[in-house]
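Visitor: Mind looking over this structure? Questions follow.
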Amino acid sequence: MSNVKALGNGTPNLGIDTLVDSGSTEPFTLISNDISIPPTDSSSSTLGYTNGKRGRRNPITRKESYASLKKSRTSLELIRNKIGESMATRSDDKIHLKRINRTTKNSILHSGRDRYGFKKANNHISEGEYDNWWVSYSQYLIKRKKKWEKMMAKNGLPTANNVAPTRFPPRSESLRKFVRKGIPAEWRGNAWFYFARGSEKLRENKDVYDRLVDQTMDIINENTEAIEKDLHRTFPENIHFKNIRIQQANGEVIEEESPLLQTLRRVLKCFSLYRPSIGYCQSLNFIAGLLLIYMDEERAFWMLVIISERYLPGIHDFNLEGVNVHQGVLLLCLRQYLPDVWGMIVDKNDVRYQEGTNAFLYDLPALSFCTTSWFMSIFIGVLPTETTLRVWDCLFYEDSKTIFQIALTIFKMMEPELHRIADRDTNEDEEFLSSELFQVIQNFPKKLLDVNRMMEECFRFSNFSKLTQDEVVKCKQYVIESRSRYHNLIKKRSAIGLKESDRKELIKSSETLENKKIGLKALNWNGKLNHRMRRLRHKLR
Amino acid sequence: MSNRRKTILKVIILGDSGVGKTSLMQQFINGKFSQQYKATIGADFLPKDMTIDDKQVTMQIWDTAGQERFQSLGVAFYRGSDCCVLVFDVTNTKSFENLQSWRDEFLIQANIKDPDNFPFVVIGNKIDVEENKRMVSAKKAQALCASLGNLPYFETSAKEAVNVEQAFDVVARCALQQEESLEYSDDYTDAVNIHVDGDNSTCGC
């Protein structure tokens with residue numbers, strides 16, 4: 001853990017030393033759920049939904065809808081300020097820092113929640129493990145924040161008084177390094193939006209979001225029903241996504257839906273109308289939900305649009321073909337970059353993996369099921385929260401190759417565990433082994449709390465940073481082409497009128513046919529690339 | 001771990017979004033219920049070691065995403081299943097009406113050789129709700145199960161741990177029978193009747 005070592009050097013300024021001296025104290029305030037909502041005279045129902053747990057519908061007037069919409073936006077603002085406050089690192093403000101330390105000493109260490117309102121502990125990480133990590137990671141955050149501030153100032157973008165900057169320096173090798181080491185949490189929303197060129201989108205689509213909100217206000221259809229089902233299943237363990245309990249004057253306690261959930265509903269409904277080819281797809285709720293912790297709803301909406309068209313094209317489409325394509329790319333990457341892992345996770349006797357055929361691209365292995373949410377939710381729920389956020393930092397700055405780089409890193413890091421199972425000398429059958437391998441692939445990422453270690457593994461120790469966007473794009477194209485060629489072949493043959501029983505036989509023969517006649521092997525993207533590289537190296541010599 | 005070869009039973013849980021597939025699996029495996037399950041994306045996998053009539057088996061339970069479009073990902077994944085659990089929510093008529101299409105989709109995608117004898121178990125979940133919220137009667141559900149080939153039917157509450165254990169016991173037995181029938185006869189000779197009645201089963205057959 002070289003980052004921790006580096007921190008030990010202790011830069012002698014700005015109160016950090018006192019922090020280190022006081023042991024576990026850290027300058028992060030705790031998020032409480034006692035957010036006071038400005039009282040309104042209209043009914044407490046919001047946007048046509050009563051306070052019931054499952055959002056049962058009550059017909060309410062449009063006027064009321066607007067009133068509650070306004071209210072919900074105001075309350076969201078309050079929540080976001082609160083979250084922002086709790087995320088702020090405040091390395092710049094000694095006095096403030098001291099005050100915070102006095103009032104909320106060890107806040108996060110003494111709380112069950114992290115600074116974003118998520119529970120620290122889960123089935124895979126204990127509170128103790130979290131705290132152990134947090135003690136040093138919080139110091140790291142302070143140090144990084146100061147470096148960011150210095151760097152921003154040097155680029156003529158001084159940051160003042162805990163106001164998150166809206167502009168960032170031009171792209172450079174150095175800025176990329178900064179991003180890879182983590183964007184300060186309280187700047188994240190702005191930074192993501194900036195790097196993903198969100199303002200451009202916003203400028204091109206002035207007032208579009210407000211119109212969509214208007215259009216979707218009373219809409220009920222398949223998408224909105226699916227959205228309703230998922231709202232309360234988005235981040236149930238996060239305090240900001242929980243219903244709020246309000247004590248009324250008469251002592252009665254009523255539950256009101258959290259403003260964040262109301263906002264999430266609007267964003268998802270608007271998106272389903274704006275992108276009818278996607279509508280609502282499960283997992284968009286997680287992405288939108290996480291975005292909403294960091295930015296207002298209009299910007300979160302446009303980020304969702306940008307993510308679905310630029311970073312994860314096709315992933316949430318109606319037939320989820322994009323997921324299959326991405327899985328294919330990941331499999332090719334694994335074979336290319338981690339042949340040992342590849343050898344362990346595929347069944348050598350399976351015809352799909354035999355030399356020369358890339359049949360696994362259109363007949364995806366069951367293993368792909370474990371990695372579905374890596375793509376669909378961009379690691380939300382797969383990696384711990386802080387780790388996921390750091391991946392998103394890189395994603396928005398560097399493009400979609402990040403997803404594959406991180407996926408490869410996860411596999412690389414779990415290699416010893418995979419080996420432990422695969423190398424065991426037993427007479428257990430393959431099926432049993434693969435079920436254990438599955439479990440490792442499913443559970444290992446959930447324990448990757450030490451995000452600095454993961455990032456170092458990815459960008460320093462492994463060669464995954466050499467995986468270029470261009471390579472990923474080419475690879476994707478290759479997978480898309482192989483899959484559509486295969487589908488056409490199947491379609492053509494079944495059109496002649498064959499029994500289902502012959503289909504399997506046909507699939508087998510079509511694979512070989514394809515390889516011989518169409519020459520998939522020669523098209524092999526990485527094979528070709530390697531060949532070119534070899535020739536290049538030869539020339540240079 | 002014993003040196004004896006362990007039997008693996010692959011079980012898939014299918015059904016509409018929000019019917020309680022994750023809750024059922026968690027209740028069965030960890031004996032816990034939480035209001036805090038997230039929507040499942042893709043599939044989750046949990047193993048459970050069991051003993052069925054002195055036979056050691058490992059149930060491999062796959063919990064799936066309920067949204068229809070996730071079926072496009074199913075092809076490879078359904079293959080090799082030994083039993084399929086179809087879940088609906090007794091307070092949601094649509095989830096009940098969709099049972100048959102879940103079954104058909106499974107049979108096609110899993111490429112089942114002998115669809116008439118493949119073991120399905122049907123579960124009507126959320127019986128803990130107030131009677132007036134219930135939309136699908138036991139009678140109606142039993143009738144459907146009978147028409148689909150005398151499928152075992154259970155009414156459960158994952159929340160209050162009602163009938164979950166019993167349902168999965170039948171699932172395990174069905175799966176074991178299926179697995180053995182495949183092992184001993186490559187081709188189906190005489191169809192194995194998978195009709196198993198649990199004690200607390202409300203199976204209509």
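Visitor: Would you jot down the residues in region A:277-292 that end up with at least 40 Å² less accessible area in the complete protein assembly than in the chain alone, with a 1.4 Å probe?
Guide: A:GLN282, A:PHE286
Visitor: Rank by packing, highest mean first: peptides A:126-133, A:158-165, with packing defined as the count of other Cβ atoms within 10 Å averaged across residues.
Guide: Details: A:126-133: 15.2, A:158-165: 12.9.
In descending order of packing, they fall as A:126-133, A:158-165.
Visitor: Right, another one. Apply the Karplus curve 6.51 cos²θ - 1.76 cosθ + 1.60, θ = phi - 60°, to the phi angles in region B:79-84 and return the couplings in whole Hz, x for Gly and Pro.
Guide: 4, x, 6, 9, 7, 10
Visitor: List every residue whose amide H lies under 5 Å from the amide H of B:ALA65, counting only residues 5 or more places away in sequence or on a different chain, with H placed 1.01 Å from N in the peptide plane.
Guide: B:GLY42
Visitor: At what distance in angstrom do the alpha carbon centres of region B:128-168 and region A:200-273 lie from each other?
Guide: 33 Å
Visitor: Residues of region A:212-258 that become at least 40 Å² less accessible with every protein chain present than in their own chain isolated, using 1.4 Å: which are they?
Guide: By number: A:LYS229, A:ARG233, A:PRO236.
Visitor: What whole-number value in Å² describes the accessible area per residue of chain B for a 1.4 Å probe? Don't jump to the answer; show the numbers that get you there.
Guide: Details: 8770 Å² over 205 residues.
Result: 43 Å² per residue.
Visitor: Percent of alpha carbon pairs in region A:201-341 separated by more than 18 Å? Let's see the in-between values first.
Guide: Working: 6097 of 9870 pairs.
Summing the P(r) tail past 18 Å for region A:201-341 gives 62 percent.
Visitor: Follow-up. For region A:473-489 and region B:1-72, what is the separation of their C-alpha centers, rounded to whole Å?
Guide: Spelled out, the Cα-based centre of one part sits 33 Å from the other.
Visitor: May I pose another question? Could you work out what % of the accessible surface of region B:68-138 is carbon and sulfur, using a 1.4 angstrom probe and leaving DNA, RNA and ligands out of the count?
Guide: Carbon-and-sulfur percentage of accessible area, whole number: 46.
Visitor: Where the only charges are on Cβ atoms (+1 Lys, Arg; -1 Asp, Glu), what is the dipole of region A:247-331 about its Cα centre, to the nearest 20 debye?
Guide: Values: 6 positive and 10 negative charges, 68 e Å.
For this selection, approximately 320 debye.
Visitor: Run the simple label-point estimate for A:MET217 and B:GLU160 please: 7 Å along Cα→C-beta, distance reported in nm.
Guide: 4.2 nm
Visitor: While we're here: Would you pull out the residues with amide H under 5 Å of B:GLY15's amide H, same chain only if 5 or more places away, H placed 1.01 Å from N?
Guide: Excluding prolines and chain starts, which carry no amide H, the hits are B:VAL87.
Visitor: A further question on this structure: In region B:44-67, what residues drop by 30 Å² or more of accessible area when the other protein chains are put back, versus the chain on its own? Use 1.4 Å, and skip ligands and nucleic acids.
Guide: B:PHE45, B:PRO47, B:GLN60, B:TRP62, B:GLN67
Visitor: How big is the C-alpha Rg of chain B next to the rule-of-thumb value 2.2 N^0.38 Å, as a ratio?
Guide: Values: Rg = 16.0 Å, N = 205, 2.2 N^0.38 = 16.6 Å.
Output field value: 0.96.
Visitor: Ignoring ligands, DNA and RNA, how much accessible area is buried between chains B and A, both sides summed, with a 1.4 Å probe, to the nearest 100 Å²? Walk me through the numbers on the way to the answer.
Guide: Numbers: alone 10710 and 26190 Å², together 33160 Å².
Roughly 3700 Å² of accessible surface disappears when B and A pair.
Visitor: Now, a different point. Please state the charge dipole magnitude for chain B, taken about the Cα centre, from unit charges on C-beta atoms (+1 on K and R, -1 on D and E), reported in debye and rounded to the nearest 20. Kindly include the intermediate steps, with their values, before the conclusion.
Guide: Details: 21 positive and 29 negative charges, 131 e Å.
For chain B, the charge dipole is close to 620 debye.
Visitor: Across region A:243-257, in residue order, what do the Karplus-derived ³J(HN,Hα) couplings come to in whole Hz, using 6.51 cos²θ - 1.76 cosθ + 1.60 with θ = phi - 60° and x for Gly and Pro?
Guide: Running phi through 6.51 cos²θ - 1.76 cosθ + 1.60 with θ = phi - 60° gives 4, 9, 9, 10, 8, 8, 4, 7, x, 6, 9, 10, 9, 10, 4 Hz.
Visitor: Please give, to one decimal in nm, the separation of the simple spin-label points placed at B:GLN100 and A:ASN162, each 7 Å out from Cα toward the Cβ.
Guide: Between B:GLN100 and A:ASN162, the simple spin-label model gives 6.2 nm.
Visitor: Here's a follow-up. Past the 14 angstrom mark, what percentage of all C-alpha to C-alpha distances in region A:338-379 do you count? Don't skip to the end; give the middle numbers.
Guide: Numbers: 480 of 861 pairs.
Considering region A:338-379, 56 percent of its Cα-Cα pairs are separated by more than 14 Å.
Visitor: Give me the distance in nm between label points sitting 7 Å out from Cα along the Cα-to-Cβ direction at B:VAL129 and A:ASP296, one decimal.
Guide: Each label point is offset 7 Å from its Cα along the Cβ direction, giving 3.9 nm.
Visitor: From other protein chains only, count the Cβ atoms within 10 Å of every residue's Cβ in A:369-377, then give the mean. Before the final figure, lay out each step's value.
Guide: Details: counts 11, 4, 1, 8, 7, 2, 2, 5, 4.
So the per-residue partner count for this stretch is 5.
Visitor: Can you give the accessible area per residue of region A:268-315, in Å², using a 1.4 Å probe? All intermediate terms of the calculation are to be shown ahead of the outcome.
Guide: Working: 860 Å² over 48 residues.
That works out to 18 Å² for each residue.
Visitor: A further question follows. Quick query: amide H of B:VAL121 versus all other amide H atoms, modeled in the peptide plane; which residues come in under 5 Å with a sequence gap of 5 or more or a different chain?
Guide: Result for B:VAL121 returns B:CYS84, B:VAL85, B:LEU86.
Visitor: Remind me, relative contact order of region B:7-188 in percent, using alpha carbon pairs under 8 angstrom and six or more residues apart?
Guide: 26 percent.
The values are calculated or read from the model by the stated rules, or taken from the named source; none is laboratory data. Since this is a predicted model, take the numbers as computed values, not measurements. Neighbour counts are summed over all protein chains in view; Cβ atoms, including those assigned to glycine, are modelled from backbone coordinates with ideal geometry. When the accessible area is computed, the model is the full protein with side chains, heavy atoms only, and any ligands, DNA or RNA have been set aside. Shrake-Rupley method; radii C 1.70, N 1.55, O 1.52, S 1.80 Å.
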